Amino acid sequence: MDNDYPASHSMDTCFFAVDRDGHVAVFDTGEAGAVPAAVLSGEQAYEARRQFAQLPRVGVIHEREGRVTPNQPSEFNQHRGMLALPYPTLVFLDSLDPVKEEIAAGRGIEVQASEGVAVLFQELSEALAKRLHDSGACRGCSLYFSNEDEEFRPDLAARGFFSYSHLTENWISGPYGRVCRPAQPIHVDQLPPRMREAVKSMRFESLSFAETTHIQPIEHTECVSWESAYMDVTGKNIRPIPGREDEYTEHYEELADIGDNMNVEPPPGHNADAVEE
């Protein structure tokens, strides 16, 4: 199937995949996330997403761990909510005690979380943000935009799909993290018949979405990406995307300087001693 990306300068799209249990996930790629080569994606995937909005609604469980790239710092753990911007903010806490008054006043809504509790604030005030972060009550927070009002991009976690998002910035194809899970996962055989086979085109035979917080699709199948390098699922290693070794070689020295917590694999034929001399 030919991929039809919605913008020529990026691969900001989504794709679908099935796991060994027959459950279905949607992956939001951002601009740099790797996309399996033989998969429903691009405009076809967005059209499918619109059609899946007609499926019965289920509860959504918000994930904390899946919003963080393994072994890497993140805006989520660095408390982006500290900015107190006038936008919806999702905050994870160990308990509701620090925000009971906010919930009682209708300024925050508890939503289901996989660990601890989570509260959605339509606008996080500066005073509350400071109190939650100074006290250490906040376990992670990020801006949160529901797509329910956007016809082209409904929330599929609320229709039974596991939801993964690309976690790194647009300099590398990084892992995807499970940001939401459905309370009742849908099975691929429950999808509309004409969409079922298209979604089945990508199956992660060795994975269960219910058990897998982070996924790097390059480690499982042939993928395409605007990037020449990928970060493995552990967040510790950077390697060339198969078939992009020449481009990777061009950027290797720049990648090798990114920090001590990463192992940057030399390109094929690279002579480290020659570079040092």
Cβ pairs under 6 Å, 6+ apart or interchain, first in the stretch 60-72 and touching a residue at least 12 places away in the same chain (Cβ under 8 Å), second assigned to a helix (DSSP H, G or I) and buried (at least 20 other Cβ atoms within 10 Å of the Cβ), ordered by first then second residue, are 60/157; 60/158
Scanning the stretch 217-271 for residues that are aromatic (Phe, Trp, Tyr) and more than 21 Å from residue 66 (Cα to Cα), the one surrounded by the most Cβ atoms within 10 Å (Cβ to Cβ) turns out to be 248
In the set 104, 118, the lone residue that is of a type in the set (A, V, I, L, M, F, W, C) and surrounded by fewer than 17 Cβ atoms within 10 Å (Cβ to Cβ) is 104
Quick check on the stretch 70-78. Is at least one of its residues at pLDDT 90 or above and buried (at least 22 other Cβ atoms within 10 Å of the Cβ)?
no
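Anything in the stretch 220-268 that is β-branched (Val, Ile, Thr), closer than 25 Å to residue 18 by Cβ and in a loop (DSSP other than H, G, I, E, B)? List them, or say none.
Filtering the stretch 220-268 for residues β-branched (Val, Ile, Thr) gives 221, 224, 233-234, 238, 241, 249, 258, 264.
The next check asks that each one be closer than 25 Å to residue 18 by Cβ; those that pass are 221, 224, 233-234, 241.
Of everything in the stretch 220-268, those that are β-branched (Val, Ile, Thr), closer than 25 Å to residue 18 by Cβ and in a loop (DSSP other than H, G, I, E, B) turn out to be 221, 233, 234, 241.
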Per the filter on the stretch 136-154, residues within 12 Å of residue 52 (Cβ to Cβ) and at pLDDT 90 or above are none
Regarding the stretch 36-50, can at least one residue be identified that is assigned to a loop (DSSP other than H, G, I, E, B) and modelled with pLDDT of 90 or more? yes
Counting only residues in the stretch 228-267 that are under 24 Å from the mean Cα position of the chain (by Cα) and among the polar types (S, T, N, Q), the one nearest to residue 35 (Cα to Cα) is identified as 228
Of the conditions (1) surrounded by fewer than 22 Cβ atoms within 10 Å (Cβ to Cβ); (2) within 17 Å of the chain's Cα centre (by Cα); (3) assigned to a loop (DSSP other than H, G, I, E, B), the single one that residue 165 does not satisfy is (3)
(message) Condition (residue is under 25 Å from residue 228 (Cβ atoms), part of a loop (DSSP other than H, G, I, E, B) and modelled with pLDDT of 85 or more) applied to the stretch 22-31: is it met by at least one residue?
(response) yes
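The values are calculated or read from the model by the stated rules, or taken from the named source; none is laboratory data. No experiment lies behind these values; they were computed from the predicted model shown. We place every Cβ from the backbone using ideal geometry, glycine too, and count neighbours over all the protein chains shown.
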